[in-house]
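The values are calculated or read from the model by the stated rules, or taken from the named source; none is laboratory data. Computed from a predicted structure; not experimentally measured. All Cβ positions, even for glycine, are placed from backbone atoms using ideal geometry, and neighbour counts span all protein chains on display.
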Amino acid sequence: MSSIAELAQALKSGDRRALAKAITLVESSRTTDRESARELLGTLGSAPATTFRIGVTGVPGAGKSTLIDVLGCHAILAGHRVAVLAVDPSSRQSGGSVLGDKTRMSRLAAEGAAYVRPSPTLGVLGGVAARTREAISLCEAAGYDLIFVETVGVGQSEEQVASIVDCVLLVLLAGAGDEISSMKRGILEAADVIAFNKADGERIASVVSDAAALRASLTVSHGERVPRVLSVSATEGVGVPELWDTLSAQHAQAQSAGAFQQRRARQRKDWFDSALEEALREAFARRPGVELALRAAEASVADGRISPDEAARRLVAAMLPPAHDPT
């Protein structure tokens, strides 16, 4: 495609190759690609307010990908176009995705109304990739109205996914009491819906028991806002329709109460803050002499001659002009 305008037009028409190219563009760290990515996002404009973004996180081995696979197929039958952004750990050698969740969503990936995209974290903490916000906007511009964001897995700051989606689905396993208790409290508080997966065979009784225990615990600790806790089996499809109905009801309730609009507004503000910080860093780096000054400051910090805070302040003061006082 010869221009950003043509790429944007192809994207809006639902061209899957254009969507893949656009996501690759926004994920690139090359300076020229970053400029093209900004131009593309500016050309596309704001995302529609009619989409539904679901973040899916959970303990390792809980079956997040398998559950998204069946949930996504169920949503397609209900008339949705589904996109999945599966965030994978990055390969240290290539920088690309390691797990390849697309292989574990074979049914959904084969659907014409679905798009599955593994994305590397590139070392970014929080369970999501560096450009997940941008990728979500591109999927929505391409006509996908239901976006799943699958995180790497519950970790130190996994609840960051809550800042880019409308609903957080936490997937757990029966018998994972130690893992649940070791979770950072934030992810339990961020969860809107909790699903105990693999409720099949001999595990049914333990799933029901653990789900009831967590439900009682949340009722005591969360007060008025208590996330729904369900039992499902992604492999057998048990409980999947009920889970989808619960997610849909949560979304509808948030819209009617105004919480959806408030959450989206807060997300746009967070995105602006991140973009402003990135723009300032780039502008700072382009100033003459900044590379040598930065190395000198780093050396001073490393050998303990100056504190990190003082070094940063001195560097900024040396590189930027003083503020003009109108008085």
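Numbers at a glance
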{"quantity": "Residues that are free of Cβ contacts under 8 Å to residues at least 24 places away in the same chain and either under 23 Å from residue 148 (Cβ atoms) or of a type in the set (Val, Ile, Thr) (or both), drawn from segment 3-27", "calculated": "13, 17, 21, 24, 25"}
{"quantity": "Close pairs (9 angstrom Cβ cut-off, 6 or more residues apart or separate chains): over 18 Å from residue 194 (Cα atoms) in segment 54-80, in a loop (DSSP other than H, G, I, E, B) and of a type in the set (Ser, Thr, Tyr) anywhere", "calculated": "80/144"}
{"quantity": "Segment 27-51, residues that are over 23 Å from residue 81 (Cα atoms) and outside any helix (DSSP H, G or I)", "calculated": "28, 29, 30"}
{"quantity": "Tally, over segment 250-271, of residues that are within 22 Å of residue 67 (Cα to Cα) and touching a strand residue (DSSP E or B) at 6+ places or on another chain (Cβ under 9 Å)", "calculated": "2"}
{"quantity": "From the options 205, 216, 211, residue that is in contact with a strand residue (DSSP E or B) (Cβ under 6 Å, 6 or more places away or on another chain) and either on the phi < 0 side of the Ramachandran plot or modelled with pLDDT of 90 or more (or both)", "calculated": "211"}
{"quantity": "Criterion: in contact with a helix residue (DSSP H, G or I) (Cβ under 6 Å, 6 or more places away or on another chain), over 30 Å from residue 64 (Cα atoms) and of a type in the set (Lys, Arg) - qualifying residue of 228, 287", "calculated": "287"}
{"quantity": "Residues satisfying the stated conditions in segment 270-283, i.e. free of Cβ contacts under 8 Å to residues at least 12 places away in the same chain and either in the same structural domain as residue 35 (by TED's automatic domain parsing) or hydrophobic (A, V, I, L, M, F, W, C) (or both)", "calculated": "272, 275, 276, 279, 280, 283"}
{"quantity": "Residue check, residue 299 out of contact with any helix residue (DSSP H, G or I) (no Cβ under 7 Å at 6 or more places or on another chain) and farther than 20 Å from residue 31 by Cα", "calculated": "yes"}
{"quantity": "Helices (runs of 4 or more DSSP H) wholly inside segment 212-327 containing at least 1 residues that are of a type in the set (Phe, Trp, Tyr) and out of contact with any His (no Cβ under 9 Å at 6 or more places or on another chain)", "calculated": "259-285"}
{"quantity": "Odd one out for residue 155, checked against (1) at pLDDT 90 or above; (2) not in a strand (DSSP E or B)", "calculated": "(1)"}
{"quantity": "From 86, 75, 62, residue being surrounded by 22 or more Cβ atoms within 10 Å (Cβ to Cβ), modelled with pLDDT of 95 or more and either small (Gly, Ala, Ser) or outside the structural domain of residue 151 (by TED's automatic domain parsing) (or both)", "calculated": "75"}
{"quantity": "Matching residues in segment 163-201 - criterion: being in a helix (DSSP H, G or I) and at pLDDT below 85", "calculated": "177, 178, 179, 180, 181, 182, 185, 186, 187, 188, 189, 190"}
{"quantity": "Matching residues in segment 1-25 - criterion: being β-branched (Val, Ile, Thr) and surrounded by fewer than 16 Cβ atoms within 10 Å (Cβ to Cβ)", "calculated": "24"}
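Condition check ((1) farther than 29 Å from residue 37 by Cβ; (2) loosely packed, with under 13 Cβ neighbours inside 10 Å; (3) over 32 Å from the mean Cα position of the chain (by Cα)) across all residues:
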| position | (1), (2), (3) |
| --- | --- |
| 215 | yes, no, no |
| 239 | yes, no, no |
| 244 | yes, no, no |
| 256 | yes, yes, no |
| 292 | yes, yes, yes |
| 305 | yes, yes, yes |
